[in-house]
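Contents: one structure, followed by commentary.
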Amino acid sequence: MTNTESQPATAPAHFSGRILVVDDNPFNSDILSRLLEHKGYRVSIVSNGHHAVDMVEQGGVDLVLLDVMMPGMNGMEVLQQIRHRPPSIDLPIIMLTAMADTERILAAFAAGADDYITRPIDLSLAMARIEAQLRLREQARSQIGELHKIGGAERVKPRTSPFYCPICISCHATYVAQCATCNATAPQGGWPRIHESAFTHLGQTVGGRYFLEQFIGRGSVGQVYRARDIDLGREFAVKIVAASDKEGLRHQTLLEVSAQVRLENPYVVKIYQVLMLEDDVCALVMDFVRGFSLEQVLDAHGSLPPWLALDVARQVALALHSAHAMGILHRDVKPGNIMLEPMPTRDYFARLLDFGIVQIMGRPVDEQSSICGTPAYISPEQILGEQPLDVRADIYSLGAVLYHTLVGHAPFEDLMQARNEPSSAVMVQLQHQLFSRLPPLRAKLGDQDGEQIAALDALLQRMMAKERDERHQDISEVLQEIMELLDRF
């Protein structure tokens, strides 16, 4: 099959676009094209890399499904040629590859692939991945414009919504009997007033266009709000960052922005704009992810089944792989910094956020003896202040998150309960991170799937080894083990 295109009778309501399938196997490409046409997409099929590059250059392609193994110009070479053409830099490319072909998958991500689908193809999962990439591209193309450099102050409009709901922390312009966000009924004494609360910017409009409608959490260095763009009607997340040290704020904010803008990874929350509100306050305008943090999911459900916990860890590891490849350490991987968007396939699309305390690898930092990170997930070397840190600090924290996701509580929490130690005592948590051996999984999960649990326990024991040299030396090693384990569950 060389170069064919089919047209559906009616374009889908959610998206009207063209998908290019690049595969030298006519049976595989026929199945994919039929599935996509059934969903209402326009499909073009080419059987070799040269035709694929030519078709992308002609324009009009919205997503590419690219087979890794092809005669002549293989999938990796096609990927590299497409990515070196400026008009195609943001074109979503999903690689089609053999099951557990970890080495090629990691190489593809390094070369600019956005995602991958393994053979034999799970059609429902394939559609979920395709639609997720198309949705991400649509969001990126509707972004506000070029990133603003931190500079002159932006206007902050006076608060027009004086009341707020204490249940969901959303604001109200007028006194209403019921909250429009969570349907809570007004308290007997009336809705509280924002100016008497700790939610400093709730109800304000920053940058002349972002109305801060709801407080949704605290990041490592600021408050985060759900905001509505009053010009476009689109929702964003806005993080308000304040510091007494103006230069310190400027430096760390630029690091965070630089990290997230450079990554351009589907598993990392994207920053669109930076606004300087006052000398010591700035706002970061980011993607608003509809879903829940992993922390919220674990609070509600206790734990996740092993296959789902591993899949979330896989996606976070892919985000870290891109960050580490650019010399960026996250330093605060924890459930609260992982957003999960529910997918139709009963799994989650995970995204890593809050690069507020990132560190550039090889550069020591002066933090005046303060410990940067979260005690329940922090690596021993961060506690001890060893410099410079490297990727193994993030590997340790990801291991702690995976452990929590599997057993329903943070590492060492059961030891603290057994010894009647207060779980909120930071020094106790740090001592366990430094000296206590991670309790084995079998004691928590029982004898179900004995061999698989033993392999999973071995992965965690290595990720969370006290000595850095005993851990995985690169996140790609972790990814390979995770993907091999996913095949077994």
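Based on this model, can you work out whether M361 counts as surrounded by fewer than 17 Cβ atoms within 10 Å (Cβ to Cβ), farther than 17 Å from L486 by Cβ, touching a His at 6+ places or on another chain (Cβ under 9 Å) and at pLDDT below 95?
Yes; evaluated as a whole, the condition is true for this residue.
Only one of (1) surrounded by 20 or more Cβ atoms within 10 Å (Cβ to Cβ); (2) on the phi < 0 side of the Ramachandran plot fails for G203. Which number is that?
(2)
Looking only at segment 98-139, filter to residues that are part of a loop (DSSP other than H, G, I, E, B) and not hydrophobic (A, V, I, L, M, F, W, C); which one of those is farthest from M70 (Cα to Cα)? Full working, then the answer.
Step one: of segment 98-139, the residues part of a loop (DSSP other than H, G, I, E, B) are 99-101, 112-114, 120-122.
Applying the additional criterion that residues be not hydrophobic (A, V, I, L, M, F, W, C) yields 101, 112, 114, 120, 122.
Details: D101: 15, G112: 18, D114: 19, P120: 17, D122: 21 Å.
Per the stated criteria, the residue is D122.
Among all residue pairs at least 6 apart or on different chains, which show Cβ distances below 8 Å where the first residue, located in segment 470-489, is assigned by TED's automatic domain parsing to the domain that holds I453 and the second is basic (K, R) and crowded, with 20+ Cβ neighbours inside 10 Å?
Pairs that qualify, where the first residue is assigned by TED's automatic domain parsing to the domain that holds I453 and the partner is basic (K, R) and crowded, with 20+ Cβ neighbours inside 10 Å, are R471/R392; H472/R392; Q473/R392.
Here are the criteria: (1) part of a loop (DSSP other than H, G, I, E, B); (2) within 30 Å of Y377 (Cβ to Cβ); (3) at pLDDT 90 or above. Tell me which single one A198 does not satisfy.
Among (1) part of a loop (DSSP other than H, G, I, E, B); (2) within 30 Å of Y377 (Cβ to Cβ); (3) at pLDDT 90 or above, the lone unmet condition for A198 is (3).
Report yes if G399 is assigned by TED's automatic domain parsing to the domain that holds L329, on the phi > 0 side of the Ramachandran plot and under 27 Å from the mean Cα position of the chain (by Cα), otherwise no.
Against the criterion (assigned by TED's automatic domain parsing to the domain that holds L329, on the phi > 0 side of the Ramachandran plot and under 27 Å from the mean Cα position of the chain (by Cα)), G399 does not qualify.
The values are calculated or read from the model by the stated rules, or taken from the named source; none is laboratory data. Nothing here was measured: the structure is a model prediction, and the numbers come from that model. Neighbour counts run over all protein chains shown; Cβ positions are idealised from the backbone, glycine included.
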